[in-house]
1. From the helices alone, meaning DSSP H stretches of at least four residues, give me the mean residue ellipticity at 222 nm for the chain, per-run term -39500 (n - 2.57), in deg cm²/dmol to the nearest 500.
2. Assigning unit charges at the beta carbon (Lys, Arg +1; Asp, Glu -1) and nothing else, what dipole magnitude in debye, to the nearest 20, does region 1-80 show about its Cα centre?
3. Counting other C-beta atoms within 10 Å, which of 152, 268, 302 has the fewest, and how do the rest follow?
4. About its Cα centre, what dipole magnitude does the chain give when the only charges are +1 on Lys and Arg Cβ and -1 on Asp and Glu Cβ, stated in debye to the nearest 20?
5. Excluding residues fewer than 8 places away in the same chain, name every one of the lysines whose C-alpha is closer than 27 Å to that of residue 342.
6. Give the distance, in whole Å, between the Cα centre of region 1-40 and the Cα centre of region 226-275.
7. Cross-link candidates for residue 150: which lysines have Cα within less than 22 Å, leaving aside residues fewer than 8 places away along the same chain?
8. Return the percentage of antiparallel bridges among DSSP beta bridges fully within region 45-138, rounded to the nearest 5 %.
Amino acid sequence: MLKHLIRKEFLQIRRNSFLPRLIVMFPIMIMCIMPWVMNQEVKNIRVVVVDTDRTPSSQRLVHQIEASRYFLFQGQAPSYSEAMRQIEHSQADVILEVRDGRVLIAANAVNGTKGAIGSSYLSQIVMSSSGSRLSPSSVLTLYNKEQSYKRFMIPALLAIVVMLMCGFLPALNIVSEKESGTIEQINVTPVSKFSFILAKLIPYWVIALFVITVCLLLSWLIYGITCQGPLLLVYLLAMLLALFFSSFGLLISNYSETLQQAIFVMWFFVVCLLLLSGLFTPVRSMPDWSYLTTYVNPMHYFIDAIRTVFLRGGGLSSIAHQVLALALIGIIMSAWAVQSYKKNS
């Protein structure tokens, strides 16, 4: 019986004119575009210099700023007030003033991240130019030696692909059958709730395996980035995350009456899980009350574990805590999905 139900699910996916194209094109588009866009590195910071000293050392500092790939040199202003006018008219982001051997850095903090990082970049150039013993040569970079944000973000993109493919599609599955009326044909059969939900979940686990394989291949072919740890752990983590999101999607589908309702509810939870996962910002930077949500957030466990395996080459012992947490959350969610399905026999 289960075999025929699974076959029915695959036939429904194949006969849909849109879903097969989505399953193939979505991971390709994500891996080809998002690593270039999701870049937390701040560049093109417009800097204006006020150099009243006109000494060889101050001019050397100006030339170093001009040569930096992080800054757009806007020229030298005759006075600090003139440089401030450029900031007020959004023509500059940072002012560097050299006066009497002292250096002042003033940053436009309307965009706090850009202002803080721009000031930090300039401070490093000033320290290097002044011959400080705390020069960048004393910094040892581990694991991601190139400090490439692509290498940092690609593992997280695997989470987004699994979340969207194995979350939204199941969320629309049962509710679409409710709207079309085909769910009533299942309700009058002797199929158990467990078999019915399992037949709904298995196709999305297969889809998860497919999209993860595509993403890993594209990461290697396009960016030359490969997993430093065992690939089996990557697939294990992906399957555990797929278990959670496919069960969660079916749970929402069980409680929803229309497609619009299922989409909005799923979108609400997806955004919360994503923003509170540590994908973009460190979770330790969150307030204490919001940090507590990471203990029940499977996205947090997945991203933490996948970066450990993908970047650092960690083994199973390094991610045992995350694997157990993902398995527990996934099992609870799948049991809830089975329990919540109302079958009228």
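Taken together, the values in this text are just the output of simple stated rules run on the coordinates, not laboratory data. Every value quoted in this text rests on a predicted model; they were computed, and no experiment measured them. Cβ atoms come from the backbone with ideal geometry, glycine included; neighbour counts cover every protein chain shown.
1. One gets -21000 deg cm²/dmol as the mean residue ellipticity at 222 nm.
2. For this selection, approximately 860 debye.
3. In increasing order of surrounding Cβ atoms, one gets 268, 152, 302.
4. It works out to roughly 900 debye.
5. Answer for residue 342, where 27 Å is the Cα cut-off: 3, 8, 178, 193, 200, listed by chain and number.
6. 14 Å
7. Once the sequence-local lysines are set aside, what remains near residue 150 is 43, 114.
8. Expressed as a percentage, antiparallel bridges in region 45-138 total about 40.
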